[in-house]
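Taken together, the values in this text are just the output of simple stated rules run on the coordinates, not laboratory data. Keep in mind the model is a prediction, meaning the values are calculated, not measured. Note that each Cβ is placed from the backbone with ideal geometry, even for glycine, and that neighbours are counted across all protein chains shown.
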Amino acid sequence: MHVTALSGGVGGARFLRGLTTYLARTPDLADTTVTIIGNTGDDITLFGLRVCPDLDTLLYTLGGGVHEGQGWGRAADTTAVQTELAALGVQPQWFGLGDRDLGTHIARSMWLGQGQSLSQVTARLATRWGLSERGVTLLPMTDTPVETHVVIDDGEGPRAVHFQEWWVRLRAAVPAQRFVVVGMERATAAPGVLDAIRRADVVLLPPSNPVVSVGIILGVPGVRDALRGTQAPVVGVSPLVAGRPVRGHADACLQAIGVETTSAAVAGLYADFLTGWLVDDRDADTQVPAGVTLRHRPLLMRDLDSAAEIAGEALRLGLDLRRR
């Protein structure tokens, strides 16, 4: 069996680590392969280096090297380089890069500079983290450089800032007027992306941000059409519990596009291809689009076991729908 997932960073990575754990614990599913299509709309160039936050979080989490407390970055990392950059007055300092983490960004930037595609670079990094040994393939959504920018008005008139500045430095406290994905008009799906959706037995949407993670992936030409056309059931996991994001600022993102902060409203964003929707028990009365099967259970990923149980329930829903 083959599972394809569209994922952002921390929440998606923890869910997918839970999925691989569930598969390894289930003998009948142990040979299942997983292809992850990762969001690259968060990508940013810092200190001359190309940083791919969501791809890196997926690599580190699935590879066993993530900083568990943060949910991103490397475990037991140090910050000697960034400290020295600060002493030199090099900006920005609001985005923290650890020393081991910098090794990833240096290698990526060097390989990109040598003419390799982001897909090729990501495959090399995935080898370093042993993803194939876990039956996982990680693909960027596109090899075309794209960056999400946020139009805000912080008292000095409307201006655009990079998504990372709005998310990390401003903590989404300044309301977003709209999101602009720079470069998307030139983007094409990375090699293997559309095929992974079309040939999947089940497609999963982890509890990633529906606007700036999954929503950005859906903006890549061909991806939404592939989801509409796939024979596989498409099962999403709500990123909200009782109308609130479990982590991050999904509520601020939904407000910016005029969508209510409810599991029902998020399901509506996927209504043209969604077939199954997993929500928290507190949202058991969620109204879903016609033709969508609703299932509920506790959705807080407190540890690896709970993440595996949530991912397993999402997969079982997909398999039930496939049998029907």
Selection within the range 9-22 - buried (at least 24 other Cβ atoms within 10 Å of the Cβ) and touching a strand residue (DSSP E or B) at 6+ places or on another chain (Cβ under 8 Å): Gly12, Ala13, Phe15, Leu16, Leu19
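Within the range 190-209, can you find the residues that are touching a residue at least 60 places away in the same chain (Cβ under 8 Å) and not aliphatic (A, V, I, L, M)?
Pro191, Gly192, Arg199, Asp201, Pro206, Pro207, Ser208, Asn209
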Search result, residues across the range 268-319 that are touching a strand residue (DSSP E or B) at 6+ places or on another chain (Cβ under 8 Å) and of a type in the set (D, E, K, R): Asp280, Asp281, Arg282, Asp283, Arg295, Arg297, Glu313
Cβ pairs under 9 Å, 6+ apart, first in the range 146-165 and of a type in the set (Lys, Arg), second buried (at least 18 other Cβ atoms within 10 Å of the Cβ) and not in a helix (DSSP H, G or I): Arg159/Ile152
Close pairs (7 angstrom Cβ cut-off, 6 or more residues apart or separate chains): in contact (Cβ under 8 Å) with a residue 12 or more places away in the chain in the range 1-18, part of a loop (DSSP other than H, G, I, E, B) and among the basic types (Lys, Arg) anywhere: His2/Arg199; Val10/Arg247; Gly11/Arg247
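When you scan the range 189-208, how many residues do you find that are outside any loop (DSSP other than H, G, I, E, B) and touching a Ser or Thr at 6+ places or on another chain (Cβ under 7 Å)?
Going residue by residue through the range 189-208, those that are outside any loop (DSSP other than H, G, I, E, B) are 189, 193-198, 202-205.
Pick out the ones that are also touching a Ser or Thr at 6+ places or on another chain (Cβ under 7 Å) and you get 189, 196-198, 203.
So the count comes out to 5.
Residues in the range 221-243 that are over 27 Å from Arg297 (Cα atoms) and either buried (at least 21 other Cβ atoms within 10 Å of the Cβ) or out of contact with any Lys or Arg (no Cβ under 6 Å at 6 or more places or on another chain) (or both): how many? Reasoning before the result, please.
Just the residues of the range 221-243 that are over 27 Å from Arg297 (Cα atoms), to begin with: 221-226, 229.
Subsequent filtering for residues that are either buried (at least 21 other Cβ atoms within 10 Å of the Cβ) or out of contact with any Lys or Arg (no Cβ under 6 Å at 6 or more places or on another chain) (or both) retains 221-225, 229.
Here the count works out to 6.
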Output for the range 63-78, where each listed residue is surrounded by fewer than 16 Cβ atoms within 10 Å (Cβ to Cβ) and of a type outside the set (A, V, I, L, M, F, W, C): Gly64, Glu68, Gly69, Gln70, Thr78
